[in-house]
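Read the figures in this text as sums done on the coordinates, not as results from a lab. Just so we're clear, the structure is a prediction, and the values are computed from it rather than from any experiment. In this analysis, Cβ positions are derived from the backbone assuming ideal geometry, glycine residues included, and neighbour counts consider all displayed protein chains.
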């Protein structure tokens, strides 16, 4: 939004109906206009707001220092019919640029109000909202006994179990050797031979959770040999997930890993399960993932918000943004399938489009909140058309993490000064 190359007017026009109180302070308004800390569109809105306020002052009771409007005051003025022409009358400038900047500020403020609405609705509905998965998956090709086979070390089961439960509740036929049904299927069979058979020929995909414990295990090494034998003949079969920094010589360096090491976004088992569901459905040709896509214009507006508007506002209010010390993640559902991480912490608050592979150095804060949301609901969040309760009930928005951050970050977005 802020651009030092955009020309700025040097002074506001003096209007015939300016009050005597305001006439004595017009030079202050000019400093607003030329300030590097205040955008030209903000300065003109502030001036118009102050012009109106000055007409309400009674003689002898005028304030010595001009009051300042809140972000809400300025946003209300921007949406007032005819305001564009009023502001054009007050200063020269590239108004098409200023109006684009103003739209960004409005979407920033509106998203803050939406976050607070989400906080209130989530608290009110805590007993009503049942956990929802991403949606039922189409089964893989029926020649396979399992849609996916899971290979992991016993030491990692507390994490893996959470991922597996979501896959199973989403309709994915999963081989996981901690499942009671799988134990029953193995009765009377040669366990080692059956496991090799499953990984080599009976599963459409395999997810391997790689860790130090996995590298040290005799059974897991046998599973990995079977998995890699199948992978050489079936590209895309194995989906490796890195849980720590342990190196595996048997796995080609060129193979793409998902990074679930501690502190990474995918260390959240719910989020990791969602990413795996996307991959499994894509592989099976399923296209019924829950999500209201929105138009191309909607998608462009979302990109503009995360790529331009939000980073600019965070730079502008850097100190206050850094003081929050948290991360807010937006997971935009299919067909966008994009994740944006808003880092509100020192040294530089920023917005990152997440790369979920192992070469990403992005970290999430211990104070972390994730919003899974459809593109259409995201647009509503940016344009004051958002109904949090309705979105939560419909499953178009799902929340994971520290919901108190919704209120804290929402308040900052609405009034960042």
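Per-peptide packing, taken as the mean over residues of other Cβ atoms within 10 Å, places 103-111, 59-67 in the sequence 103-111, 59-67 from highest down. The peptide list 382-393, 20-31, put in order of mean Cβ contacts within 10 Å with the highest first, becomes 382-393, 20-31. Across all Cα pairs in the chain, the calculated P(r) in 10 Å bins from zero up to the longest distance comes to 4, 19, 24, 19, 14, 9, 6, 3, 1, 0 percent per bin.
Relative to the longest principal axis of the Cα atoms of the chain, helix 269-284 runs at roughly 70 degrees. Every helix of 4 or more DSSP H residues in the chain counts as -39500 (n - 2.57), and over all residues that averages to -13000 deg cm²/dmol at 222 nm. With a Förster radius of 56 Å applied to the beta-carbon distance between residue 319 and residue 225, the computed FRET efficiency rounds to 0.55. Note on the range 291-414: Cα-Cα pairs beyond 24 Å make up 24% of the total pair count.
Within the range 146-284, the proportion of C-alpha pairs whose separation exceeds 26 Å stands at 15%.
Report, in degrees rounded to the nearest 10, the 0 to 90 angle that the Cα long axis of helix 95-124 makes with the longest principal axis of the chain. It works out to around 60 degrees.
Among 38-48, 342-352, sorting by the average number of other beta carbon atoms lying within 10 angstrom of each residue, highest first, gives 38-48, 342-352. Our Cα-only numbers for the range 1-93 put the radius of gyration and Dmax at 13.1, 43 Å. Can you grab the distance from the C-alpha centre of the range 328-371 to the C-alpha centre of the range 252-277, Å, no decimals? Distance between centres, Cα-based: 13 Å.
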